[in-house]
Amino acid sequence: MNATASTFAPEPADMVWPAIRWAVARDLKVALRSRAELGVQLLFYVIVASLFPLATTPERNTLASIGPGVLWVAALLASLLSLPRLFAGDHADGTLEQIALSPYPLVALVSGKIVAHWLTTGLPVALIAPLLGLQYALGGEALAVLVATLLIGTPILSLLGAIGAALTLGLRASGSLLALLILPLYVPVLIFGAGAVEATRTGLGASAHLSLLGAGLLVACVGAPFACAAAVRIALD
Amino acid sequence: MNANWFKFASPATFYPLAGRLIPWFATGAAVLALVGLYIGLIAAPTDAQQGDAYRIIFIHVPAAWMSMFLYVVMAGWSAAALGFNTRLSAMMAQAIAPTGAVMTFIALWTGAFWGRPTWGTYWAWDARMTSELILLFLYLGVIALRNAIDDPRRADRACGVLALTGVVNIPIIYFSVYWWNTLHQGSSVSLTKAPAMATIMLTGMLIMSLAAWFYAIAATLARVRTIMLERERGAGWVATLREVRTA
């Protein structure tokens, strides 16, 4: 199978949207059948964020200054923990192979899976973050910016993470390997995400950080699905 | 001239060529390193501000240059491997990764030894040091992914995709770390304001950089030869090699 040719060949536009819609709907249905798993992932985020005050200090000023970073690192870890779910199940029962063999473009199908992954992992994290932010003594404006950065940033985590999840499909110790591959690539998202909240808190304004995060999201949207589809084909060969 | 540019794209023809080139590059690296170290450690004067501690730059700076450059070269070979589906390109990418990781490690380690006497700390979250550390993680990621995949063809392509993803991200990572660092102007020390360098120091550093180049080429070629033997052990041309028959 010539991976590059089939991945990058122009596809009729009327095949792209139905493929994305189908993949989103199907993955959402699968994810919602195991709600407990989704709940556990969200709980992981809450617990990691709750450990830091115990490890450092309950003093409000310190908590407010480490809060944005802690909440963002916890979001990175929660994303990392949920990534194997993206392809591993479908790979194990052969569904992924059928998806790759379908006449619909694999890039579109993979994009749909990434969207569904974000809706079930990144979005809940962004929505629960203000509650945790309150525990870290963050003010109203900082909380709003925290949610905004997570809404823009977590899709980037899902997009980049999908490449790593596809590359490590079916390998030994794939979980820790995935962390080594993906966390260095998450660094810019972490810097701009946590930096935006910090800048708001100190009165500098978050617009530059938010613009850069938005730019990162656009670049990731354009590039990551192609790399991810290529990685899926490599894993299936 | 009608040369066949692809003659040496085959392991069977490249293996003996690499074997002939290695002694030249290895000798070149040794001679250049001796000259460079003589200039750096003996001929160059003691620095007025940093004393003799500055002399570590003759190792540190070439290693740091090579660490970044080798990642780009590795990504280039990976792109060639993915684009043209050539075996040798992927083997070259595989052979470069450990040398690049070693150069990154040397740059970080000598940087720490330089930092201690000059700024009083082994480690500061300076933009360059932080991005060099992340570069080390990227190298280790490529090597770890390679080791985790048993099928060499799949490993080639998976590492290729990872190396290309990394090379797109390196400027973004560097920029973000730099920006983060300038926003957090704490007690940090500025590495960027390098004092104007005397010509003899610059000469020593350039010669040491050439030595690092030659060493990297020799090490990569030596490693790619063993990779070729390992992967092509079933091929006919390997069986006809003198070193294989006598072993």
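Since every read-out is calculated from the coordinates, none of them should be taken as a lab result. As the structure is a prediction and not an experimental result, all values here were calculated from the model. Note: ideal-geometry Cβ built from the backbone for every residue, glycine included; neighbour counts use all protein chains shown.
Before moving on, here are some points about what is shown:
- For a label point 7 Å along the Cα-to-beta-carbon line of residue A:92, residues of the stretch A:152-180 with backbone N under 18 Å: A:165-178
- Using alpha-carbon coordinates, inclination of helix A:174-201 to the longest axis of chain A, degrees: 40 degrees
- Cα gyration tensor, chain B - rounded (a/c under 1.5), prolate or oblate: oblate
- Listed residues A:208, A:32, B:160: farthest to the positive end of the dipole of the protein assembly as shown (Cβ charges): B:160
- Given +1 at the Cβ of Lys and Arg, -1 at the Cβ of Asp and Glu and no other charges, the dipole of the stretch B:1-138 around its Cα centre is 420 debye to the nearest 20.
- Rounded to the nearest Hz, the phi-derived 3J(HN,Hα) couplings of the stretch A:79-90 under the Karplus curve 6.51 cos²θ - 1.76 cosθ + 1.60 (θ = phi - 60°) are 5, 4, 5, 8, 5, x, 4, 4, 10, 4, x, 5, where x marks glycine and proline.
- Whether the protein assembly as shown is rounded, prolate or oblate, judged on the alpha carbon gyration tensor where a/c under 1.5 counts as rounded: oblate
- Inter-centroid distance (Cα atoms) of the stretch B:65-90 relative to the stretch A:12-49, Å: 36 Å
- Environment charge at residue B:107 (Cβ cut-off 10 Å; Lys +1, Arg +1, Asp -1, Glu -1): 0
- This model, with +1 at the C-beta of Lys and Arg and -1 at the C-beta of Asp and Glu, gives the protein assembly as shown a dipole about its Cα centre of some 760 debye.
- With θ taken as phi - 60° and the Karplus curve 6.51 cos²θ - 1.76 cosθ + 1.60 applied, the whole-hertz 3J(HN,Hα) list for the stretch A:229-237 is 5, 4, 5, 5, 5, 4, 5, 8, 4 Hz, x standing for glycine and proline.
- Ordering of B:63-73, A:180-190, A:204-214, B:144-154 by packing [mean C-beta count within 10 Å, highest first]: A:180-190, B:63-73, A:204-214, B:144-154
- Here is the size of chain A from its Cα atoms: Rg then Dmax, 18.5, 60 Å.
- Taken residue by residue and averaged, Cβ atoms of other chains lying within 10 Å of the Cβ of A:200-212 number 1.
- Computed from Cα positions, the angle between helix A:13-33 and the longest principal axis of chain A comes to roughly 60 degrees.
- Peptide B:153-164, shielding by other chains (average Cβ, 10 Å cutoff): 5
- Modelled spin labels at residue A:32 and residue A:172, positioned 7 Å past Cα toward Cβ, are 4.1 nm from each other.
- Among residues other than residue A:53 with Cβ under 12 Å from its Cβ, the summed charge is 0 (Lys and Arg +1, Asp and Glu -1).
- ³J(HN,Hα), Karplus 6.51/-1.76/1.60, whole Hz, each residue of the stretch A:126-142, x for Gly, Pro: 5, 6, 8, 4, x, 4, 5, x, 4, 5, 9, 6, 7, x, x, 5, 4
- The mean number of partner chain beta-carbon atoms within 10 angstrom of a residue's beta-carbon across peptide A:48-60 is 0.
- Residue-averaged [θ]222 nm for the protein assembly as shown, counting only DSSP H segments that reach four residues, each worth -39500 (n - 2.57): -27500 deg cm²/dmol
- At R0 = 45 Å, FRET efficiency that the Cβ-Cβ distance of residue A:14 and residue B:147 yields, to 0.05: 0.55
- Stretching the chain fully between residue B:6 and residue B:46 yields a gain of 9.4 nm (0.36 nm per residue, less the alpha carbon separation).
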